[in-house]
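Shown next, in structure tokens, is the structure this report addresses.
The values are calculated or read from the model by the stated rules, or taken from the named source; none is laboratory data. All values derive from a computational prediction rather than experimental measurement. Cβ coordinates were reconstructed from backbone atoms using ideal geometry, including for glycine residues, and neighbour counts include every protein chain displayed. Keep in mind that these areas ignore ligands, DNA and RNA; they rest on the heavy atoms of the full protein, side chains included. Shrake-Rupley method; radii C 1.70, N 1.55, O 1.52, S 1.80 Å.
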Amino acid sequence: MDEQAEAAVSRPLDRRAELSEFLRSRRARLKPEDVGLPDFGRRRRVPGLRREELAQLAGVSAAYYTRLEQGNGRNVSAEVLDSIARALRLTDAEHAHLTHLAKPAPHKKRPPARRPQVRTALQHLLASMDAVPAYITGRRTEILAWNRMATALFGDWGGLAPEDRTWARLVFLCPEYRELFVDWEQKAIDIVCGLRMDAGRFPDDARLAALVGELSVKSEEFRRLWATHDVKEQFYGVKRLRHPLVGELALGFEGLRVTGDADLNLIVYHAEPDSASAESLRLLASWGAAAVPTL
């Protein structure tokens, strides 16, 4: 790895730069006609609304908004952020991300966080869910615990080093996962959007910064998606998988916050009753260890 790559891996996330780039990217996607402003046909040097137009919509001075877009979020009020969020047509997740970037929660300097421990009772709960794949994730897309069916569907995570058990590394750095997800691009987008949300909530997370730096160096696709500054939270949906033994499956998933630890999520996959995918899950369950794919 050259010096530039090493610097990218170790460089901490710059909250001011994140705020500036996020606001610019959201402003660039809006046209005057999208927000009811006249467009007199003048050629725009850059896409999207001008700063002055956005400030007018938000009810703040152009100078004030310019300072905010330059990364200076000190002393900005919640009311002003709400106005800017409305002017930018932000989603709830984007609004929350803007608030985290502009007004980070006060914190005390702490030693580097250890990998979270999953309570024994939660591990027993996962083991008891023997008909559906289920696992627990933490911050930075870490995979912390899983059941037998998750192994049969996604591969033997137990054979990986703990630092490699992250969806981000698996999706962007392991070719097998590119084959596993039928819509790999959407899975990759979901991963990056989640990491962006984490970056806003935890700007001083050194392990998160290192993960982003590593992926930026090793994956062109990650760099492209990271540069969009898109954020979202997805707690349910459908994923289509291409399993090496049972073929394609369409599985719904539900994400549930673990009570008592906001960083942990329980993810459960399920199939429509009496569907071909449900039968495939039953086959995987009956085959046991013989069903574990080599990933």
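See the values below:
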read-out	value
Gain upon complete extension [Thr259, Arg74; 0.36 nm per residue less C-alpha separation]	63.3 nm
Residues whose placed amide H lies under 5 Å from that of Leu264, excluding near-sequence neighbours	Val258
Spin-label model distance (nm) - Ser25 vs Arg89, 7 Å beyond Cα toward Cβ	1.8 nm
Radius, Kirkwood style, for region 175-251 when every pair of distinct Cα atoms is counted (Å)	13.8 Å
Computed [θ] at 222 nm, helices only, for the chain once each DSSP H run of length n ≥ 4 contributes -39500 (n - 2.57)	-13500 deg cm²/dmol
Coordinate range along principal axes, alpha carbons of the chain, Å, largest first	65, 44, 41
Relative contact order of the chain, defined on C-alpha pairs under 8 angstrom at six or more residues apart (%)	20 percent
Dipole in debye (nearest 20) - region 15-102, about Cα centre, beta carbon charges: Lys, Arg +1; Asp, Glu -1	460 debye
Lys, Arg +1 and Asp, Glu -1 on Cβ, resulting dipole of the chain about Cα centre, debye, nearest 20	1140 debye
Under DSSP loop assignment and at most 12 Cβ neighbours within 10 Å, longest trypsin sites (Lys or Arg not before Pro)-free interval of the chain	115-295
Of all accessible heavy-atom area on the chain, the percent that carbon and sulfur account for (1.4 Å)	52 percent
Average projection area in nm² (convex hull over Cα atoms of region 15-102, one quarter of hull surface)	5.4 nm²
Solvent-accessible area of His95 with every protein chain in place, 1.4 Å probe, in Å² to the nearest 10	50 Å²
Space enclosed by the convex hull of the alpha-carbon atoms of region 120-287, per residue, Å³	118 Å³
Lys pairs, the chain - Cα-Cα below 25 angstrom, 8 or more residues apart or on other chains	6
Degrees separating the helix 206-218 axis from the principal Cα axis of the chain, which is the longest one	90 degrees
